[in-house]
Amino acid sequence: MNDGKVSWKTVKETVGSGRLSVVMPVYNLVDKVASNVRMTAELFAANGIRAEILPVDDGSSDGTAGALAALASEKFGDVVVKPVICPVNGGKGAALRAGFEASTGELVMLLDGDLDILPEQTPWFFDAMASKNADVVVGSKRHKNSRVQYPWHRRLVSWVYFTIVRIFIGLPITDTQTGMKLFKRKVLGEALSRMLVKAYAFDLELLSIAHQRGAKIVEAPVIIRFGNKFGALSANTVKVMALDSLAVFYRLKVLKYYAKAEVPPQLKEKPFVSVVIACPQGSAVLDECIAALERQTYRDYEVIVLPDGELDLGVRALDLKIIPTGRVRPAEKRNIGIKEAKGSVVAFIDDDAYPDAHWLEYAIKYFGDGTIGAVGGPGVTPPNDPYLARVGGRAYDNILLSGNYRYRYKAGGVRRDVDDYPSCNLFVRTDLLRKINGYRTDFWPGEDTLLCKDIIDSGKRIVYDPWVVVNHHRRKLFGPHLRQLGRYAFHRGYFVKRYPSNSLRLSYFIPSLFVAYLAALGVFAAVVPFIPRLNVMTWVVSAALAPLAFYLFILALTTVSRNLLTWFLTMAAVFTSHVVYGIKFIQGLLAAKAPCEFIGKDHV
């Protein structure tokens with residue numbers, strides 16, 4: 001390999017009369033993005049390559065989107081520039097998926113928009129693909145012909161990461177993170193459709209899926225000159241990447257998830273979606289929700305807002321319908337929304353939640369599968385929530401509190417079928433909703449549990465996808481948080497005996513067992529002083545306290561934080577949540593009737 005002129009013959013012959021798609025993710029690159037894209041387009045045009053350049057702006061805040069939009073009208077011979085604008089930052093995975101879905105070529109090259117690797121090196125990738133009959137070609141800093149100049153800290157992190165990947169993942173390559181890769185379209189599409197990681201371990205997951213599915217992956221040399229910039233390798237970045245990489249290993253080797261992950265069939269036509277928002281009145285959180293809906297990447301939808309009384313949301317850049325309902329419960333409001341919906345899919349979201357920009361886009365793809373009746377996704381704690389609300393969200397994220405249902409509150413995890421999902425983030429076929437007569441109106445809360453029961457009883461599935469994300473504001477600690485949790489617990493206890501099919505679960509009984517243990521411990525502590533020869537009872541006292549000590553140890557371990565106040569409050573939130581849930585669950589279990597309340601003062 002040398003730095004002189006290279007032959008583009010193989011590139012031209014391979015692309016032929018088709019088109020090469022070059023997907024370039026960019027973020028806050030306004031000073032260089034126009035020149036980088038223009039240089040790339042001119043290079044391919046000068047060498048007679050039919051190509052489309054797809055720079056993907058991942059929610060930049062510095063004017064990058066405007067600079068890209070101006071490039072769309074420029075002409076570069078047989079090369080076209082097709083900017084893809086993601087209105088909100090969603091991570092590298094979301095950006096590359098958006099670029100791929102906008103592309104048309106049978107060969108797709110991924111090229112980092114900052115051009116740390118210059119596109120002049122493209123022929124080496126095509127030569128490797130042709131000579132080795134490969135499906136994927138990855139640029140490798142460790143290729144014997146590579147020339148790489150980058151600082152020692154990047155070299156050290158890269159070596160450690162490579163070692164871990166080779167040991168635990170087993171990829172037949174020496175580098176996964178270099179920002180230039182060439183894929184056959186089918187291979188890339190099959191891998192992207194099964195991906196779960198959005199950010200730093202994206203490349204590892206992408207290549208792991210492709211390899212697991214039988215794709216042949218080879219390496220090509222690269223020339224990289226990083227200079228002395230550290231890039232994105234902060235301590236937090238390294239931590240997140242390590243955790244995401246461990247998750248890839250777990251899904252690949254333990255769960256075997258990628259081998260059996262379901263990919264819904266291609267939609268024959270895009271469904272029209274009716275977004276239904278039940279709310280008591282106008283509020284700052286409702287405005288936030290509407291604003292996020294205006295930024296959706298999927299555009300075939302309407303929004304139906306159902307307040308108690310008249311509401312003026314101003315002029316909006318979407319199909320907005322406001323229907324005053326009077327002071328009725330959320331289930332009744334949503335049933336009005338179902339009746340008025342024009343879409344073939346109804347998307348339910350709470351007014352105190354706001355969706356990710358790809359929310360509609362990622363959910364509707366499942367409705368090409370006739371067995372699927374509904375789709376849900378996580379409701380994560382917004383970063384702008386007040387401190388005590390964020391700590392409440394941290395408690396919900398805790399595995400001791402949410403157990404097997406942690407996926408409802410935390411982004412990540414795997415796709416799965418579920419039988420119960422909250423209406424803060426739920427998509428349902430409109431014809432199915434009308435067939436089962438929508439929500440039952442004799443319960444609040446808990447009406448969404450019964451809706452899901454009716455969906456399952458109808459023979460349809462409910463699918464959870466971790467990419468279908470909304471940000472759901474939390475109640476502040478401790479009063480509002482515990483009152484809301486207590487209402488849920490009471491109805492769950494009541495449903496266990498009346499509607500057991502999706503409520504009779506051992507996990508729901510555990511807090512009540514914990515409360516029973518604490519009560520027994522209290523009784524024991526009250527009678528111990530009256531027991532003669534207490535020294536003989538020392539082992540009994542130790543045995544009685546051992547479960548509590550173990551619980552507190554695990555609680556401290558799973559809530560650890562560098563901020564001591566956050567650590568203490570999270571521990572207190574989880575503990576009190578267990579106690580309140582356990583008590584209210586028993587009350588619901590013993591109740592002859594469950595109350596059906598209006599939204600109270602704890603509504604955000």
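Summed over the range 64-78, the residues that are of a type outside the set (A, V, I, L, M) and either crowded, with 18+ Cβ neighbours inside 10 Å or under 29 Å from Gln296 (Cβ atoms) (or both) give a count of 5.
Comparison of Gly90, Gly139, Gly99 shows that the only residue that is in contact with a Gly (Cβ under 7 Å, 6 or more places away or on another chain) and either outside the structural domain of Glu361 (by TED's automatic domain parsing) or assigned to a helix (DSSP H, G or I) (or both) is Gly90. Being in contact with a strand residue (DSSP E or B) (Cβ under 7 Å, 6 or more places away or on another chain), assigned to a loop (DSSP other than H, G, I, E, B) and closer than 29 Å to Val88 by Cβ is a property that Thr178 has. Within the range 33-63, the set of residues being charged (D, E, K, R) and either exposed (fewer than 15 other Cβ atoms within 10 Å of the Cβ) or in a helix (DSSP H, G or I) (or both) comprises Arg38, Glu42, Asp62.
With respect to the conditions (1) at pLDDT below 90; (2) under 30 Å from Ala98 (Cβ atoms), Ile462 falls short on a single one, namely (1). For the range 423-445, a residue qualifies if it is within 25 Å of Tyr301 (Cβ to Cβ) and touching a strand residue (DSSP E or B) at 6+ places or on another chain (Cβ under 7 Å), and the qualifying residues are Ser423, Cys424, Asn425, Leu426, Phe427, Val428, Arg429, Thr430, Leu432, Leu433.
One line per residue, one yes/no per condition, for (1) farther than 28 Å from Thr381 by Cα; (2) small (Gly, Ala, Ser); (3) under 37 Å from the mean Cα position of the chain (by Cα); (4) at pLDDT 95 or above:
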position: Ile531; (1), (2), (3), (4): yes, no, no, no
position: Asn535; (1), (2), (3), (4): yes, no, no, no
position: Ala594; (1), (2), (3), (4): yes, yes, yes, no
position: Ile599; (1), (2), (3), (4): no, no, yes, no
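When each of Val148, Val165, Val157 is tested for being crowded, with 21+ Cβ neighbours inside 10 Å, assigned by TED's automatic domain parsing to the domain that holds Arg213 and at negative phi, the lone residue that passes is Val165.
Candidates Leu482, Leu451: the one that is in contact (Cβ under 8 Å) with a residue 24 or more places away in the chain and buried (at least 22 other Cβ atoms within 10 Å of the Cβ) is Leu451. Somewhere in the range 102-114, is a residue of a type in the set (A, V, I, L, M, F, W, C), in a helix (DSSP H, G or I) and under 23 Å from the mean Cα position of the chain (by Cα)? Yes, some residue in the range 102-114 is of a type in the set (A, V, I, L, M, F, W, C), in a helix (DSSP H, G or I) and under 23 Å from the mean Cα position of the chain (by Cα).
Filtering the range 110-127 to residues that are under 23 Å from Gln149 (Cα atoms) and among the hydrophobic types (A, V, I, L, M, F, W, C) leaves Leu110, Leu111, Leu115, Ile117, Leu118, Trp124, Phe125.
The values are calculated or read from the model by the stated rules, or taken from the named source; none is laboratory data. Treat the numbers as computed from the prediction; the structure is a model and nothing was measured. Positions of Cβ are backbone-derived with ideal geometry, glycine not excepted, and every protein chain shown enters the neighbour counts.
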